[in-house]
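*Asks:* Take this structure first; my questions come after.
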Amino acid sequence: MAAKPSITIVGAGNLGTALATALLRAGYSIDAVVARDGRDSLRRAKALALKVGATPAAANRAQINSEVVCFCVPDGQISVAARSLAAKGVWKGRVALHSSGALTSDELSVLRQRGAVVASVHPLMTFVRGSRPSLAGVPFAIEGDAPALRIARRIVKDLRGQSFSIKKRHKVAYHAWGTFASPLLTALLATTERVAATGGVTRIAAKQRMLPILAQTIANYAALGAAGALSGPILRGDAETVKKHLRVLQRTPLAREVYIALANASLQYLPGKQRAVLKRLLASA
């Protein structure tokens, strides 16, 4: 296979778009962008194909000619997309990769049966509309057939990412970890905006005013670890302040539940004083 094999991208969503543009910058040729046969999907595929110099195609009319095919579709659509493309070219000697964090390379088994080598290649990164993060330094969890892994490692290296091997049985736990690191963290930030509102601060103002403390917290975590980054009443063992927090949070019951869960996690994993007193307080709440 060529040092930089030709690539087809299946799916023109946030991840597919970010990956295709990053591959192009890394010197790869994008042959085609394949999408479902729907107006919105095809519109996105055409826009992405124009951006990366590829040919757009609907899945039911696509012809696979690339050496590598990257499936960047939702988890529930990976095996569906693979089956729909199984008859769209000769798969022997080709590499098929999918980007699911929770599912294994076996989602592409229909292509493996036709002679392809397959792997799952998941970047531990968040991709949302309006943001195109760099893949430099991003860890990619990979598992699958040995020949496909060799190609995947080469591609990740060219993207300036960092590949690491993961066992099939660990993929769901790995994906849960990633969910805590980004979408659930985002949910926590949304909850903090609700708490700010009970103190008369608008969501827009809350977001702006939180940014400095959030940035310093992440910097502290990076430099000192979780235990070293912890501050506040639980670290000090200030049960009276925690009691006041619980009282005022009765105005926002869901935020109160989140507070109790995270405070309990803090007592379980992190240092702090008066742990027994705080545990009883949280249990009674």
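The values are calculated or read from the model by the stated rules, or taken from the named source; none is laboratory data. From a predicted model like this one, the values you see are computed outputs, not experimental measurements. Here the Cβ is made from the backbone with ideal geometry for all residues, glycine too, and neighbour counts use every protein chain on show.
*Asks:* Filter segment 184-213 down to residues that are aliphatic (A, V, I, L, M) and within 20 Å of H245 (Cα to Cα), then give me how many there are.
*Replies:* As a first pass, look at segment 184-213 and keep what is aliphatic (A, V, I, L, M): 184-185, 187-190, 195-197, 201, 204-206, 210-211, 213.
Keeping just the survivors that are within 20 Å of H245 (Cα to Cα) gives 187-190, 195-197, 201, 206, 210, 213.
Residues flagged as aliphatic (A, V, I, L, M) and within 20 Å of H245 (Cα to Cα) within segment 184-213 amount to 11.
*Asks:* Additional query: Among the residues in segment 54-76, are any more than 23 Å from R153 (Cα to Cα), modelled with pLDDT of 95 or more and assigned to a loop (DSSP other than H, G, I, E, B)?
*Replies:* Yes, the conditions are met somewhere in segment 54-76.
*Asks:* Among (1) assigned to a strand (DSSP E or B); (2) within 22 Å of L135 (Cβ to Cβ), where does A22 come up short?
*Replies:* For A22, the failing item is (1).
*Asks:* Mind listing whichever residues of segment 243-285 are in a helix (DSSP H, G or I) and polar (S, T, N, Q)?
*Replies:* Hits for segment 243-285 are Q250, N264, S266, Q268, S284.
*Asks:* Within segment 65-92, restricting attention to residues that are touching a residue at least 60 places away in the same chain (Cβ under 8 Å) and under 16 Å from I151 (Cα atoms), which residue is surrounded by the most Cβ atoms within 10 Å (Cβ to Cβ)?
*Replies:* So the residue we want is V69.
*Asks:* Looking only at residues that are hydroxyl-bearing (S, T, Y) and part of a helix (DSSP H, G or I) in segment 126-181, which one is surrounded by the most Cβ atoms within 10 Å (Cβ to Cβ)?
*Replies:* The residue in question is Y174.
*Asks:* Which of the following residues is free of Cβ contacts under 8 Å to residues at least 60 places away in the same chain, of a type outside the set (D, E) and in the same structural domain as A261 (by TED's automatic domain parsing): Q162, Q216?
*Replies:* When all the criteria are applied, what remains is Q216.
*Asks:* Looking at D40, D106, which one is out of contact with any strand residue (DSSP E or B) (no Cβ under 9 Å at 6 or more places or on another chain) and part of a helix (DSSP H, G or I)?
*Replies:* Within the list D40, D106, the selection yields D40.
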